[in-house]
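Enquirer: Okay, handing you the structure first.
The values are calculated or read from the model by the stated rules, or taken from the named source; none is laboratory data. Note that this is a predicted model, so its numbers are computed, not measured. When we count neighbours, we look across all protein chains shown, and the Cβ atoms used for this are built from the backbone with ideal geometry, even at glycine. Accessible surface is based on the protein model in full, side chains and every heavy atom, while ligands, DNA and RNA are left aside. Shrake-Rupley method; radii C 1.70, N 1.55, O 1.52, S 1.80 Å.
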Amino acid sequence: VRETHLVQTVTVYYLKRDILRGESINISDITISNVAATASQPNQRFPLSLLKHAKVLRDLSKGSILSRRDFSVRQQVLITTSVISRGQKVSSANAEVENYYGDLPSDAVLSLKDIAHMEAIRNLKANQLIRLSDLKASAMFNKGDSVQLTISRGALKVTVDMLALESGRLDQQVDLLNPESNETVRALVTGPGKARGL
């Protein structure tokens with residue numbers, strides 16, 4: 001057998017039935033076939049796994065070869081469940097992970113753990129995809145709030161109530177005031193209403 005007698009083949013997927021826009025594609029709806037690479041387009045070559053839970057973007061006819069442009073893939077992203085006002089914290093009370101079909105922006109938020117201690121920097125509508133560009137780190141406390149400062153020296157650990165001289169976000173350094181001694185202390189924000197001495 002000479003190399004010139006051989007042809008490179010690729011896997012493509014033929015439709016067994018007409019599928020309308022918005023319908024899901026099932027494995028039972030396709031026939032898997034190998035064709036010569038020269039007889040197919042680059043966008044007709046993709047892994048079968050992409051078709052799992054895929055939705056058709058336009059009406060497709062029986063016998064046509066599926067193209068990557070014909071369907072969108074299901075992805076799990078964080079969507080608002082109610083209106084979120086500017087400055088409001090994003091949490092499971094106003095957002096949840098849902099199925100999303102279509103092109104995802106690169107900064108799309110994929111899970112609730114990705115937005116811990118975050119707040120909206122603009123008003124977000126209900127059923128809107130949440131992006132990192134919509135959020136900023138929320139303050140763990142504000143200027144004038146009481147803050148528990150923990151100072152550790154070896155095995156000794158002391159917690160003192162201090163007054164915040166500025167608002168503090170997680171892992172940010174802030175100035176705190178001891179109201180009894182009038183001493184200012186630099187501390188690292190560790191959580192809501194809490195800081196650690198440097």
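Enquirer: Given charges of +1 on the Cβ of Lys and Arg and -1 on the Cβ of Asp and Glu, with all other atoms neutral, how large is the dipole of the chain about its Cα centre, in debye to the nearest 20?
Expert: 600 debye
Enquirer: When the solvent-accessible surface of protein heavy atoms is calculated with a 1.4 angstrom probe, in what order do Glu96, Glu119 fall, highest first?
Expert: Correct descending sequence by accessible area is Glu96, Glu119.
Enquirer: Output ³J(HN,Hα) for the stretch 153-163: one whole-Hz value per residue in order, computed from phi by the Karplus curve 6.51 cos²θ - 1.76 cosθ + 1.60 with θ = phi - 60°, and x for Gly and Pro.
Expert: Along the stretch 153-163, the couplings run 9, x, 7, 7, 10, 10, 10, 10, 7, 10, 10 Hz.
Enquirer: Counting pairs on different chains as well as pairs 8 or more places apart, how many Lys pairs in the chain have Cα atoms under 22 Å apart?
Expert: Number of lysine pairs found: 16.
Enquirer: Towards the positive end of the charge dipole of the stretch 1-100, with charges on Cβ (+1 Lys, Arg; -1 Asp, Glu), say which of Leu66, Asn43, Gln8 has the farthest Cα.
Expert: Ranked along the dipole, the leading option is Asn43.
Enquirer: Let me ask another. Taking a probe of 1.4 Å, how large is the accessible area per residue of the stretch 1-98, in Å²?
Expert: With the other protein chains kept in place, the stretch 1-98 gives 63 Å² per residue.
Enquirer: On average, how much accessible surface per residue is there in the stretch 111-152, in Å², for a 1.4 Å probe, leaving out ligands, DNA and RNA?
Expert: That works out to 55 Å² for each residue.
Enquirer: Where Lys and Arg each count +1 and Asp and Glu each count -1, what net charge lies around Ser133 among other residues with Cβ under 12 Å from its Cβ?
Expert: +1
Enquirer: Related question: Under a 5 Å amide H to amide H cut-off, with H placed in plane at 1.01 Å, what residues pair with Leu57 once short-range neighbours are removed?
Expert: Correct list: Gly22, Phe71, Ser72.
Enquirer: Using θ = phi - 60° and the Karplus relation 6.51 cos²θ - 1.76 cosθ + 1.60, list the HN-Hα couplings for the stretch 90-97 in order, rounded to whole Hz, with x at every Gly or Pro.
Expert: Result, rounded to whole Hz: 9, 8, 5, 6, 9, 8, 8, 7.
Enquirer: Would you mind telling me the antiparallel percentage of the DSSP bridges in the chain, rounded to 5?
Expert: Once the DSSP bridges in the chain are tallied, antiparallel ones form about 95 percent.
Enquirer: When the accessible area of the chain is split by element with a 1.4 Å probe, what percent falls to carbon and sulfur?
Expert: Carbon-and-sulfur percentage of accessible area, whole number: 48.
Enquirer: Counting only residues 5 or more places away or on other chains, whose amide H sits under 5 Å from the amide H of Gln172 once H atoms are built in the peptide plane?
Expert: Residues meeting the criterion, in which the H sits 1.01 Å from N, are Val189.
Enquirer: Among (i) 135; (ii) 125; (iii) 212, only one was calculated for this model; which label is it, if the read-out is volume of the Cα convex hull per residue in Å³?
Expert: Entry (iii).
Enquirer: Another question, if that's okay. If amide hydrogens are placed 1.01 Å from N in the peptide plane, which non-local residues have theirs closer than 5 Å to the one on Asp18?
Expert: Lys62
Enquirer: Once each part is reduced to its C-alpha centroid, what is the distance from the stretch 135-183 to the stretch 78-116 in angstrom?
Expert: So the separation of the two Cα centres works out to 30 Å.
Enquirer: Could you give each residue of the stretch 115-126 its phi-based ³J(HN,Hα) in whole Hz, using Karplus coefficients 6.51, -1.76, 1.60 with θ = phi - 60°, and x for Gly or Pro?
Expert: Running phi through 6.51 cos²θ - 1.76 cosθ + 1.60 with θ = phi - 60° gives 10, 4, 6, 10, 9, 6, 9, 8, 5, 10, 7, 5 Hz.
Enquirer: Only Cα pairs under 8 Å and at least 6 apart count here; give the relative contact order of the chain as a rounded whole percent.
Expert: That works out to 13 percent.
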